[in-house]
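Structure, as structure tokens:
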Amino acid sequence: MTELPKAYEPTVVEEKWQSRWMNEGCFHADPHSAKPAYSIVIPPPNVTGVLHMGHVLNNTIQDILARRARQEGKEVLWLPGTDHAGIATQARVEKELAKENPPRTRYDVGREDFVKMVWEWKNKHGGIIIKQLKKLGCSCDWERERFTMDEVYAPEVARVFAELFKEGLIYRGRRMVNWDPVLCTALSDEEVEMTPTHSKLYTIRYKLADGSGQLLVSTTRPETIMADVAVAVNPKDPRFGHLVGKTVIRPLVEKEIPIIADEHVEIDFGTGALKITPAHDRTDFEVGMKNGLEIIDILTADGHINCPDCPELHGLDRFVARDKSIELIDAKGLLEKVEAYDNNVGLSQRSGVPIEPRLSMQWFLKYPCVKEAADAVANGDIVFRPARWAKTYAHWLEGIQDWCISRQLWWGHRIPVWYRKDKAAALQEATKLDAADMAAGDIYVSATPPADPENWVQDEDALDTWFSSWLWPFATMDKECLAKFYPTSDLVTGPDIIFFWVARMIMAGYRFADGKKPFGNVFFTSIVRDLLGRKMSKSLGNSPDPLDLIARYGADGLRFGLMRIAPTGTDVKFDEKQIEEGKNFANKLYNAARFRMMQGEATTEPAPKFAPVHIDILSKLKELHATVADALGKYEFNTYTQALYSFFWNEYCSLFLEAVKNDLREGEPAVKNATLFTMDTVLRHYLALLAPIMPHITEELWQSLGFAKKHNDLPLMSTPLPCPCSLLGGMDETDISKARALTTALYETANRARNLKAEYNLATNKNVKFVVKPGALPVDADLAARLALLAGAKETVVDAAYEAPKGTPTALTPFGELFLPLEGLVDVEAERARIGKQLEKIDKEIMKSNAKLGNSKFVDHAPAEVVAQERERLADWESKKAQLTAMLTALA
RNA sequence: GCACGGAUAGCUCAGUGGUAGAGCGGCUGUCUUACACACAGUUGGUCGGGAGUUCGAAUCUCUCUCCGUGUACCA
């Protein structure tokens with residue numbers, strides 16, 4: 001007998017197996033393997049990141065796919081790594097500098113030393129999340145861990161840049177971009193979040209220069225009035241037609257500015273007149289260009305007013321200046337009114353502050369292979385799951401805009417462009433740079449720095465982080481790996497980065513990896529929310545720490561609990577109770593295994609003598625194989641998890657084990673042997689099916705149950721999935737279904753028996769005697785004994801001639817009438833009432849059924865089997881009614 | 001504004017035309033020698049509202065309400 005603790009303790013077990021798997025190289029992919037390939041690249045978390053629930057969900061799914069693929073005999077590469085996350089990482093180190101005494105900025109340190117500091121920080125503190133992923137049990141090939149700025153990856157980024165530049169797809173220009181005044185960098189359109197905001201709408205009087213009146217102009221941004229260069233009205237607006245061509249006085253830094261006509265102005269909005277401020281508004285900029293207007297920039301890069309002509313505002317923060325400017329205008333008597341106004345303000349996803357539209361010199365990319373990328377998803381070359389994301393994806397591609405790829409950062413891939421020293425100043429101001437400049441030798445664009453660096457000046461900017469991560473599926477792999485594992489099989493990621501990452505990877509794949517798609521399937525996970533439906537976030541403090549959850553419930557418990565509630569189509573509301581379920585399940589599994597270990601070895605002699613209950617559970621196990629394969633094939637992870645849960649807890653533990661316990665104590669050897677054999681078979685197959693989602697506990701039990709020995713002591717994760725074909729091999733299908741019918745009847749009868757006991761307030765542990773007066777199904781000694789065990793009875797007597805004393809509680813079962821003789825303890829009246837109640841229920845069902853079958857339309861239109869089913873049901877109720885009525889008369 | 005998703009038991013969720021389900025929670029028993037992280041029993045629902053299609057609707061169609069997400073414009 002094995003001495004084991006009563007409760008499963010995951011911590012030690014999980015650490016043990018994690019290190020053993022790694023030491024034995026179980027996760028390592030062999031590109032020379034003859035096995036078919038299966039590959040996933042991890043969505044690289046930020047190197048500054050710590051594990052959150054989204055990662056747990058995402059990586060558990062990837063681990064399930066990877067581990068299952070290994071069991072299916074595939075050579076698996078799950079390639080891990082981290083993203084350098086330009087802004088986040090740079091900000092992290094700048095924060096450290098600001099804490100110093102005296103505080104420093106990156107400018108105090110200087111570019112070269114600052115970048116060195118970030119590397120130091122990264123090497124010391126970065127990649128915590130990698131350790132955390134290991135604690136979750138992720139079976140990544142850690143020997144192949146990549147970083148988006150490492151020595152292998154960085155040249156790829158530069159190479160791609162140079163190629164796209166030569167192709168004319170990357171260009172530089174002075175454009176209106178999204179400017180983050182806190183981070184002082186340009187951002188892409190995707191990094192701006194339009195946010196509903198309570199603002200104020202100011203209506204201001206612009207006096208006509210000829211003194212003939214005034215024009216009311218509404219604005220939310222009075223602090224930019226000094227940069228107004230015109231007022232526009234719609235050419236079709238009858239109210240203002242006569243004013244076009246006249247001039248008004250700009251209220252701050254007074255100056256005559258023209259009234260122009262432009263169709264962009266909406267007649268119905270506000271006053272119908274719009275101030276044109278080309279330097280500080282995207283559409284105003286366009287209007288300005290169209291009409292040849294001047295551009296007056298009155299904001300600094302960090303969002304302060306730069307307008308010496310207006311000393312009252314000069315140097316003020318843009319929001320302080322907003323209030324101040326209104327005071328000034330009001331003082332001049334030019335403020336008409338101030339109204340509350342709800343509008344959408346673009347906020348920086350990075351710093352959270354309102355974006356400034358700003359004219360600046362930036363690098364842009366015209367996306368390559370847009371059509372290939374759109375077609376691939378449209379025609380199913382790349383499958384999105386759930387499929388509806390394909391629509392979102394297609395919509396984005398249709399309206400795709402050039403991507404601003406330069407960032408005014410120091411941490412990241414520096415733009416691989418050099419300007420000839422003597423011309424650098426001029427070139428950096430040039431709005432157009434192209435291959436001609438390269439030919440002239442004025443600029444140098446390449447993955448390798450110029451041979452004579454002293455003659456060149458490199459571009460100051462760095463690339464958007466996503467400009468490196470869009471190469472992730474292939475830039476992470478060496479030649480051998482590419483040959484074996486590219487394109488990758490599945491990508492598992494959140495729908496929030498469908499544009500940032502997924503779409504761009506598809507384009508990059510077609511353009512840079514031999515025209516091949518980067519992956520075959522994309523599985524978009526749900527987003528984990530809190531119980532109020534809010535996104536998990538640090539600031540709300542509603543995000544549980546996965547490591548804490550692992551400590552309390554085990555990694556297996558966390559994985560199982562989360563997957564059980566992760567629907568495929570919608571978001572998950574996270575409830576810690578569900579994780580507790582995962583832990584409880586692990587404990588159940590552990591105890592079931594412990595129970596088996598207490599029974600000793602199965603013998604080879606005598607040959608197992610299967611009872612219906614054995615055949616039943618083995619047949620269900622066979623079905624479980626199919627359910628699991630089907631669910632995983634369809635990426636239905638909650639179905640997979642739920643099927644595993646209910647098979648084990650309900651079918652195996654609650655029913656089967658309870659029905660066979662006596663075999664182990666006092667059964668004849670052949671029956672005992674059949675039970676041990678069946679338990680072993682179920683556990684062996686089941687552990688393998690469960691292993692992808694609960695890798696640690698299954699590995700531990702595989703070992704302690706002795707299954708590993710039969711497989712050369714291989715860890716379970718390296719053992720091929722047992723074939724369901726071996727289950728009940730050679731047994732006739734009709735015999736199997738006969739056994740299953742008997743077993744179902746047994747379990748149902750046991751339920752009825754328990755109900756009877758409960759109804760008569762007999763404690764579960766009270767030993768009673770049941771009498772079965774058999775009906776249609778045969779009840780042999782085996783079934784009778786198991787029934788007694790399941791019902792918590794001393795014995796079950798099968799007696800066809802049994803005459804129940806008046807008032808004996810009875811129930812109808814698939815095995816016939818079931819009696820619970822209590823020797824006159826029962827009140828006849830109470831019993832009569834009980835049966836009467838049952839009869840009422842049955843009468844209702846009969847009425848329903850009769851109504852249905854009496855409806856000729858139902859009988860004519862419904863499929864034959866549905867009608868037959870209904871008839872059967874009715875017959876069933878009728879016979880039950882007859883029996884109950886007979887009992888009732890017997891009572892009298 | 002447009003698009004997409006969701007609304008089923010107190011909670012978290014299954015259930016795509018044929019007798020409304022699971023787990024948790026609640027309540028009642030039980031330390032029955034694998035498991036009290038458990039066992040047995042039990043209580044919970046006009047399937048968001050309305051209309052339609054159908055013999056039959058949680059399921060299909062339309063519409064409304066509420067919640068969520070994406071996207072566009074906003075002076």
Test set (1) more than 53 Å from the chain's Cα centre (by Cα); (2) surrounded by 18 or more Cβ atoms within 10 Å (Cβ to Cβ); (3) outside any helix (DSSP H, G or I) - A:Met887 fails condition number: (3)
Checking A:Ala784 against (1) within 16 Å of RNA strand B (Cβ to nearest atom); (2) surrounded by 15 or more Cβ atoms within 10 Å (Cβ to Cβ); (3) small (Gly, Ala, Ser); (4) free of Cβ contacts under 8 Å to residues at least 24 places away in the same chain, the condition it does not meet: (1)
Per-region count, the range A:839-874, residues closer than 18 Å to A:Gly816 by Cα and open to solvent by 60 Å² or more (accessible area, probe 1.4 Å): 2
From the options A:Val93, A:Val56, A:Val50, A:Val41, residue that is within 16 Å of RNA strand B (Cβ to nearest atom) and of a type in the set (A, V, I, L, M): A:Val56
Strands (runs of 3 or more DSSP E) wholly inside the range A:441-547 that include at least 1 residues being more than 26 Å from the chain's Cα centre (by Cα) and modelled with pLDDT of 90 or more: A:443-445, A:456-458
Total residues in the range A:666-707, condition open to solvent by less than 20 Å² (accessible area, probe 1.4 Å) and part of a loop (DSSP other than H, G, I, E, B): 6
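Tally up the residues in the range A:297-346 that are outside any helix (DSSP H, G or I), of a type in the set (S, T, N, Q) and open to solvent by less than 40 Å² (accessible area, probe 1.4 Å), please.
Taking the range A:297-346 and keeping what is outside any helix (DSSP H, G or I), we get A:297-317, A:332-346.
Within this subset, residues satisfying the condition of being of a type in the set (S, T, N, Q) are A:300, A:306, A:343-344.
This time we only want the ones that are open to solvent by less than 40 Å² (accessible area, probe 1.4 Å), so: A:343.
Result for the range A:297-346: 1.
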Where A:Lys794 falls short, out of the listed (1) touching a residue at least 24 places away in the same chain (Cβ under 8 Å); (2) surrounded by 13 or more Cβ atoms within 10 Å (Cβ to Cβ): (2)
Residue pairs meeting the criteria (Cβ under 6 Å; at least 6 apart or on separate chains; first closer than 16 Å to A:Tyr202 by Cα, in the range A:256-281; second near RNA strand B (Cβ under 7 Å from one of its atoms)): A:Gly270/A:Ser218; A:Thr271/A:Ser218; A:Ala273/A:Val217; A:Leu274/A:Val265; A:Lys275/A:Val217; A:Lys275/A:Thr219
Pair list, Cβ under 8 Å, 6 or more apart: the range A:828-850 residue free of Cβ contacts under 8 Å to residues at least 60 places away in the same chain, other residue aromatic (Phe, Trp, Tyr) and open to solvent by 40 Å² or more (accessible area, probe 1.4 Å): A:Ile842/A:Trp877; A:Glu845/A:Trp877; A:Ile846/A:Trp877; A:Ser849/A:Trp877
Filter result for A:Ala629 (in contact (Cβ under 8 Å) with a residue 40 or more places away in the chain and either away from RNA strand B (no atom under 13 Å from the Cβ) or touching a Leu at 6+ places or on another chain (Cβ under 7 Å) (or both)): no
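Counting only residues that are open to solvent by less than 10 Å² (accessible area, probe 1.4 Å) and either closer than 30 Å to A:Lys16 by Cα or in contact (Cβ under 8 Å) with a residue 24 or more places away in the chain (or both), give me the helices (runs of 4 or more DSSP H) lying completely in the range A:51-168 with at least 2 of them. Show your work before the answer.
Working: elements: A:53-71, A:86-99, A:106-109, A:111-125, A:128-136, A:153-166.
By residue number, A:53-71, A:86-99, A:111-125, A:128-136, A:153-166.
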Residues that are more than 16 Å from RNA strand B (Cβ to nearest atom) and of a type in the set (Ser, Thr, Tyr), drawn from the range A:206-220: A:Ser212
Output for the range A:816-855, where each listed residue is among the hydrophobic types (A, V, I, L, M, F, W, C), touching a strand residue (DSSP E or B) at 6+ places or on another chain (Cβ under 6 Å) and away from RNA strand B (no atom under 16 Å from the Cβ): A:Phe819
Enumeration of residues in the range A:710-742 that are of a type outside the set (Lys, Arg) and within 18 Å of A:Val779 (Cα to Cα): A:Asp735, A:Ile736, A:Ser737, A:Ala739, A:Ala741, A:Leu742
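Being within 30 Å of A:Arg832 (Cα to Cα) and either touching a Cys at 6+ places or on another chain (Cβ under 9 Å) or of a type outside the set (S, T, N, Q) (or both): is that true of A:Glu748 here?
Numbers: within 30 Å of A:Arg832 (Cα to Cα): yes; either touching a Cys at 6+ places or on another chain (Cβ under 9 Å) or of a type outside the set (S, T, N, Q) (or both): yes.
Considered against the rule, which asks whether it is within 30 Å of A:Arg832 (Cα to Cα) and either touching a Cys at 6+ places or on another chain (Cβ under 9 Å) or of a type outside the set (S, T, N, Q) (or both), A:Glu748 comes out as yes.
Does the range A:403-418 contain any residue that is part of a helix (DSSP H, G or I), open to solvent by less than 30 Å² (accessible area, probe 1.4 Å) and either farther than 20 Å from A:Ile443 by Cα or in contact with a Ser or Thr (Cβ under 8 Å, 6 or more places away or on another chain) (or both)?
Going through the range A:403-418, the residues part of a helix (DSSP H, G or I) turn out to be none.
No - not one qualifying residue is present in the range A:403-418.
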Any hit, the range A:349-357, residues being over 24 Å from the mean Cα position of the chain (by Cα), part of a loop (DSSP other than H, G, I, E, B) and hydroxyl-bearing (Ser, Thr, Tyr): yes
1 or more residues open to solvent by less than 70 Å² (accessible area, probe 1.4 Å) and under 27 Å from A:Pro181 (Cα atoms): qualifying strands (runs of 3 or more DSSP E) within the range A:208-291: A:214-219, A:230-233, A:273-276
Count - residues of the range A:221-265 that are of a type in the set (A, V, I, L, M, F, W, C), farther than 22 Å from A:Ile326 by Cα and within 14 Å of RNA strand B (Cβ to nearest atom): 5
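Which residue is nearest to the chain's Cα centre (by Cα), if the candidates are limited to the range A:726-770 and must be within 23 Å of A:Glu623 (Cβ to Cβ) and not in a helix (DSSP H, G or I)? Give the steps one after another, and end with the answer.
Within the range A:726-770, the subset within 23 Å of A:Glu623 (Cβ to Cβ) is A:726-751.
Retained after the next criterion (residues that are not in a helix (DSSP H, G or I)): A:727-732.
Numbers: A:Leu727: 36, A:Leu728: 39, A:Gly729: 40, A:Gly730: 43, A:Met731: 43, A:Asp732: 44 Å.
Within the range A:726-770, the match that is nearest to the chain's Cα centre (by Cα) is A:Leu727.
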In the range A:359-370, the residues that are of a type outside the set (Ser, Thr, Tyr) and either within 15 Å of RNA strand B (Cβ to nearest atom) or surrounded by fewer than 16 Cβ atoms within 10 Å (Cβ to Cβ) (or both): A:Lys366
Tabulated pairs, the range A:194-205, first within 7 Å of A:Val338 (Cα to Cα), second more than 8 Å from RNA strand B (Cβ to nearest atom) and among the small types (Gly, Ala, Ser), C-beta under 7 angstrom, 6+ apart or interchain: A:Lys200/A:Ala340
Qualifying residue in the range A:371-387 (condition: surrounded by fewer than 18 Cβ atoms within 10 Å (Cβ to Cβ), under 30 Å from A:Glu460 (Cα atoms) and more than 11 Å from RNA strand B (Cβ to nearest atom)): no
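Quickly run through the range A:569-597 and pick out the residues that are more than 7 Å from RNA strand B (Cβ to nearest atom) and either over 18 Å from A:Asn59 (Cβ atoms) or surrounded by fewer than 20 Cβ atoms within 10 Å (Cβ to Cβ) (or both).
Filtering the range A:569-597 down to residues more than 7 Å from RNA strand B (Cβ to nearest atom) leaves A:574, A:576, A:579-580, A:582, A:585, A:589-590, A:593, A:596-597.
Selection gives A:Glu576, A:Glu580, A:Phe585, A:Leu589, A:Tyr590, A:Ala593, A:Arg596, A:Met597.
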Test result for A:Asp680, out of contact with any Lys or Arg (no Cβ under 8 Å at 6 or more places or on another chain), more than 11 Å from RNA strand B (Cβ to nearest atom) and of a type in the set (Asp, Glu): no
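The values are calculated or read from the model by the stated rules, or taken from the named source; none is laboratory data. Note that this is a predicted model, so its numbers are computed, not measured. No Cβ is skipped: glycine too gets one built from the backbone with ideal geometry, and neighbour counts run over all protein chains shown. SASA here: full protein model, heavy atoms, side chains in, ligands and nucleic acids out. Shrake-Rupley method; radii C 1.70, N 1.55, O 1.52, S 1.80 Å.
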